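The values are calculated or read from the model by the stated rules, or taken from the named source; none is laboratory data. These numbers were taken from a predicted model, which means no experiment stands behind them. Using ideal geometry, Cβ is built from the backbone for each residue, glycine included, and neighbour counts are taken over all protein chains shown. Note: areas computed on protein heavy atoms with side chains; ligands, DNA, RNA excluded. Shrake-Rupley method; radii C 1.70, N 1.55, O 1.52, S 1.80 Å.
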Amino acid sequence: MATTTAAASTASEDRCPDDLPVVPVRHYGRWVAAVAAITALAGIAGSLAKNANLHWDVVGHYLFADLIFDGLVTTLWLTAAAMALGLGLGTLIAVMRLSASPVLHGMATLFVWVFRGTPLLVQIIFWGYAGALYKYVMIGIPFTDITFLRVETNSLLTPAIAALLALGLNEAAYASEIVRAGIQSVDPGQAEAAHSLGMRPALTMRRIVLPQAMRVIIPPMGNETINMLKMTALVSVISAHDLMSNIQDVYAQNYQVIPMLVVASLWYLALVTLLGVPQAWLERRYGRGTARSGHVSPLRRMLGVAGRLPTKRQEGNR
Amino acid sequence: MTTPMLHARNVRKHFGKVEVLKGIDLTVERGQVCCLLGPSGSGKSTFLRCINHLEKIDAGSLAVEGDLVGYRRHGQRLHELREREVAAHRRDIGMVFQRFNLFPHMTALDNVMEAPLNVSKVSRAQARQDAERLLEQVGLADRAGHYPAQLSGGQQQRVAIARALAMKPKLMLFDEPTSALDPELVGDVLDVMRQLAADGMTMIVVTHEIGFAREVADTAVFMDEGVVVEAGDPRQVLLHPEQERTRAFLSKVL
Ligand SMILES: Nc1ncnc2c1ncn2[C@@H]1O[C@H](COP(=O)(O)OP(=O)(O)OP(=O)(O)O)[C@@H](O)[C@H]1O
Ligand SMILES: [Mg+2]
């Protein structure tokens, strides 16, 4: 068989189209735009690097300072704990909102209404200064003198705990809506099939509905986590010693506001980038069972190699 | 006389103001196959769903093997069953849906193992062995590791049948099991059902497959607008119907 290009031009009529070489579309406009964008980006980066007002030496000095690391640790655990509280409580509230009981539904709606309807900053300050509102936390039977527990509020609500409560409860209000949308996105036939097998509602929710709802829940929850990471900066108003609090402490002394904010931004950016890894993993895990065609990265698309990729569909995605 | 598998008396059900079931009487003996036919909207699915309490009946009584569906009789009162008790009843009744309703996040094997593992609490090894045997029975031993999205409609429906059988039900309900399938896939599913009937399973099948009904059913029931219009020997009902409405319907589907 002749496969040289010269032969191909004459023999093309009698060859079946499967054997013909494919010439991908050349997107010249894209190349021009890409060059222009990269040039602009390089210009901006250069000017930032040369700008003396940014004090890159100060940035370098503080980027790995102990105080900044301490703040970073607090920011990280605060984010993780607040998200855990938010997702756990949010799932509970979502289930309550979908419940047939009007009392549970009403309570869940009230919760979302209050915590989503007031500014987070106000909620943080509220929890931070709750000790001024209620001197003691008491657990007992309402409207009687019987108390089982009585603690001073300020010893219970340290700034870190107050920050966690504020962020977690606020997140629960948003997460509950995301989880509710996720649950409602699952075909009701799924729950019916589970029920017809003798599965009880709680088991059905846990084994059948929630795992499928996850596909819808994960992408917005990824967003929420990124938001949370940055919103922890707000708790600096009650000095919870997170990254932002510590940055502020530093620039209050050395007056290098902008360089210190650059330090903060670099760290937030790094953490947000890292968060993409677990999200991609979770999306793959809960995407099991959905057939997808092979994904082509934008770079490969632009280079025009997407023409005739072998479609890899059934390579057991376990 | 043994108690029949299903005994329905004057079953009524309405959604809002619309009465969908207007007093259904039906008895299905053990080991029998009963085919339900009728035009769209006649209440066939609703009746089937009432049998395993996916819908609550408004009046009349519905008993499976002598046990009332959804209620317990205590003297002169009926007590509503708790979720746990309803779930326990449903284990004995398998259901196959028109749209398969397989769990898409689980492989075929996991779909079949799910309920035995988590409801009947059998050991994993036992559940696996049973599930593999059931998949083989429906001719899908080689598809155990596939996800529903990787199976054809007919294959999915056969996995759904295996999944229902995994709970060792006494009664199987089929709601138009083949009407979402391409014509050439219908046969495989009907073969599995035919074999099941031959093995003595009690089955109530909503279907428009007249040939299947004529061949396999012990009774054929024609429903229209929430009432049983005609019931009896399938050869009688399907070949020589007495009622004009039955005749009109059959002339359309045949
Ligand atoms: N959950 C519901 N709420 C309100 N109306 C309903 C509900 N389910 C069914 N119906 C109504 O009840 C009637 C009977 O429905 P059903 O699904 O039992 O009919 P069917 O005989 O199974 O029809 P088909 O052959 O189209 O499946 C229809 O008019 C339908 O609109
Ligand atoms: Mg129906």
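R0 = 25 Å: FRET efficiency of A:Ser155 with A:Tyr129, Cβ-based, nearest 0.05?
0.95
Hey, got the dipole for chain A? About the Cα centre, +1 on K and R Cβ, -1 on D and E Cβ, debye to the nearest 20? Walk me through the numbers on the way to the answer.
Values: 24 positive and 18 negative charges, 177 e Å.
The calculated dipole for chain A is roughly 840 debye.
State the answer as a single residue: which of A:Trp77, B:Thr46, A:Ile218 lies farthest towards the positive end of the charge dipole of the protein assembly as shown, with beta carbon charges of +1 for Lys and Arg and -1 for Asp and Glu, about the Cα centre.
So the residue we want is A:Trp77.
Any idea how far the Cα center of the range B:136-173 sits from the one of the range B:1-65, in Å?
Cα centroid to Cα centroid, the span is 26 Å.
Once amide H atoms are built 1.01 Å from N in the peptide plane, which residues 5 or more positions from B:Met223, or in another chain, come under 5 Å H to H?
B:Leu37, B:Gly38, B:Val229
With each label point set 7 Å from Cα along the Cα-Cβ vector, what nm distance links A:Glu177 and A:Asn227?
My value for the distance between the label points is 0.8 nm.
Which value in nm describes the separation of the simple spin-label points at B:Ser152 and A:His55, placed 7 Å from the Cα toward the beta carbon?
The two pseudo-label positions are separated by 7.3 nm.
To the nearest 0.05, how large is the calculated FRET efficiency for B:Asp142 and B:Glu29 if R₀ is 41 Å and r is the Cβ-Cβ distance?
The calculated FRET efficiency here is 0.65.
Reachable aspartates and glutamates from B:Lys168, Cα under 14 Å, same-chain residues fewer than 8 places away excluded?
Within reach: B:Asp92, B:Glu114, B:Asp130, B:Asp199.
Please give the residues of the range B:78-110, grouped as numeric ranges, whose backbone N is less than 18 Å from a label point set 7 Å along the Cα-to-Cβ vector of B:Lys168.
It comes to B:88-95, nothing else.
Go through A:Met138, B:Met95 and list them by solvent-accessible area, largest first, probe radius 1.4 Å. Walk me through the numbers before you get to the answer.
Values: A:Met138 105, B:Met95 10 Å².
From most accessible down to least: A:Met138, B:Met95.
Taking the simple approach of a point 7 Å from Cα along Cα-to-Cβ for both B:Ser61 and B:Arg214, what is their distance in nm?
3.9 nm
Under a cut-off of 27 Å between alpha-carbon atoms, report the lysines in cross-link reach of B:Lys17, not counting same-chain residues fewer than 8 places apart.
Here the lysines satisfying the reach criterion relative to B:Lys17 are B:Lys44, B:Lys56.
Keeping every protein chain in place, order B:Asp130, A:Asp66, B:Asp191 by accessible area at 1.4 Å, biggest value first, i.e. largest first.
So, going from the largest accessible area down, we get A:Asp66, B:Asp191, B:Asp130.
Just the accessible area for A:Leu110, please: 1.4 Å probe, Å², rounded to the nearest 10?
Solvent-accessible area, nearest 10 Å²: 100 Å².
Would you mind giving the mean number of other chain beta-carbons within 10 Å of the Cβ of each residue in A:280-290, as a whole number?
Neighbouring Cβ atoms belonging to other protein chains average 2 per residue here.
For the range B:60-211, with only Lys/Arg (+1) and Asp/Glu (-1) charged at the beta-carbon, what is the dipole magnitude about the Cα centre, in debye rounded to 20?
That gives a dipole near 760 debye.
How large is the convex hull of the C-alpha atoms of the range A:55-282 per residue, in Å³?
With only Cα atoms used, the range A:55-282 gives 155 Å³ per residue.
Under 16 Å Cα to Cα from B:Lys13, which aspartates and glutamates show up? Leave out anything in the same chain fewer than 8 places away.
Excluding near neighbours in sequence, the set is B:Asp25, B:Glu55, B:Asp58, B:Asp224, B:Glu225.
Grab the beta carbon distance between A:Leu261 and A:Leu76, set R0 = 25 Å, and tell me the FRET efficiency rounded to 0.05.
So the FRET efficiency works out to roughly 0.85.
Check which residues have an amide H placed less than 5 Å from A:Val137's amide H, if you skip close sequence neighbours.
Residues meeting the amide H criterion: A:Val151, A:Glu152, A:Thr153.
What is the pair-distance distribution P(r) of chain B, computed from all Cα-Cα distances in 5 Å bins starting at 0, with each bin given as a whole percent?
Spelled out bin by bin, chain B gives 1, 6, 13, 17, 19, 17, 13, 9, 5, 1, 0, 0 percent.
Quick one, what does Rg over Rh come out to for the range A:222-296 if you take C-alpha atoms and the Kirkwood Rh?
1.20
With runs of 4+ DSSP H residues as the only contributors, calculate the mean residue ellipticity of the protein assembly as shown at 222 nm using -39,500 (n - 2.57) per run, divided by the residue total and rounded to the nearest 500. Mind dumping the intermediate values first?
On the way: 24 runs with 307 residues, N = 572.
Per the formula, -17000 deg cm²/dmol.
If you keep only loop residues by DSSP, which chymotrypsin sites (Phe, Trp or Tyr not before Pro) in the range A:78-160 have at most 15 other Cβ atoms within 10 Å of their Cβ?
A:Tyr129, A:Tyr134, A:Phe143
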